[in-house]
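Following: one structure in structure tokens, then a few remarks.
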Amino acid sequence: MSKRLIALLSCFWLGAVCAIIMEAKVKFNAPLVDLRIGLDVGRTVFNAFDTFQWLLMAGLLITVFFCRVRDILILTLLLLLLFGYQSWYLLPQLNHQATVYIEQNIHLGGNYHWLYLGAELTKIILLVWLTLLATKIKE
């Protein structure tokens, strides 16, 4: 049962990550959404999504604890490290940049968006791998 729950949580999280990536891109294509509004909406959405992902991470960690499969544990810990880096380092940097642009119309530059996107793509790979591994292992 725990491996099925791991697969379900991983697959659900994967879908949510893919949806948020799509939302982030599509929002800026709306003709009435200027950069300041898009950044403000994005900042709000990503902060809420960050909380949601921590709930998924907690559920996954609890489930993995009962699963006791080494490879699943390793992938989950890698996911935790990656997500912690995103949540505690990259997201605050992006929030700061968005706030400065919204309030002062100053673009600070930097590679934080590319690093965040790279982390999201890596997270997608880890979640697919985790889902496949959890569905492959017999209960």
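Quick note: the coordinates plus some simple rules give every number you see, no bench work behind them. From a predicted model like this one, the values you see are computed outputs, not experimental measurements. Because the Cβ atoms are built from the backbone with ideal geometry, glycine has one as well, and the counts that use them run over all protein chains shown.
Residue 68 to residue 34: extension gain in nm, 0.36 nm per residue of separation minus the Cα-Cα distance?
Numbers: separation 34, 0.36 × 34 = 12.24 nm, distance 4.87 nm.
Extra length from residue 68 to residue 34 when fully extended: 7.4 nm.
I'd like the orientation of helix 70-85 relative to the chain: the angle between its Cα long axis and the longest Cα principal axis, in ° from 0 to 90, rounded to 10.
So the inclination is approximately 10 degrees.
Run the numbers for residue 54 and residue 4: contour at 0.36 nm per residue of separation, minus the present Cα-Cα distance, in nm.
Extending this stretch completely gives an extra 16.0 nm.
What does the stretch 1-135 give for Rg and for Dmax, in Å, if only its C-alpha atoms count?
Reported Rg and Dmax, both Å: 16.4, 52.
Using +1 at the Cβ of each Lys and Arg and -1 at the Cβ of each Asp and Glu in the chain, identify which of 89, 121, 99 lies farthest towards the dipole's positive end.
Selected residue: 121.
For the stretch 2-136, what number of Lys pairs, 8 or more residues apart or on separate chains, have alpha-carbon atoms under 21 Å from each other? It would help to have the intermediate numbers written out before the result.
Values: 3/123; 3/136; 25/123; 123/136.
Eligible lysine pairs with Cα atoms under 21 Å apart amount to 4.
Do any trypsin sites (Lys or Arg not before Pro) in the stretch 41-139 lie in a DSSP loop with no more than 13 other beta carbon atoms within 10 Å, and if so, which?
68, 138
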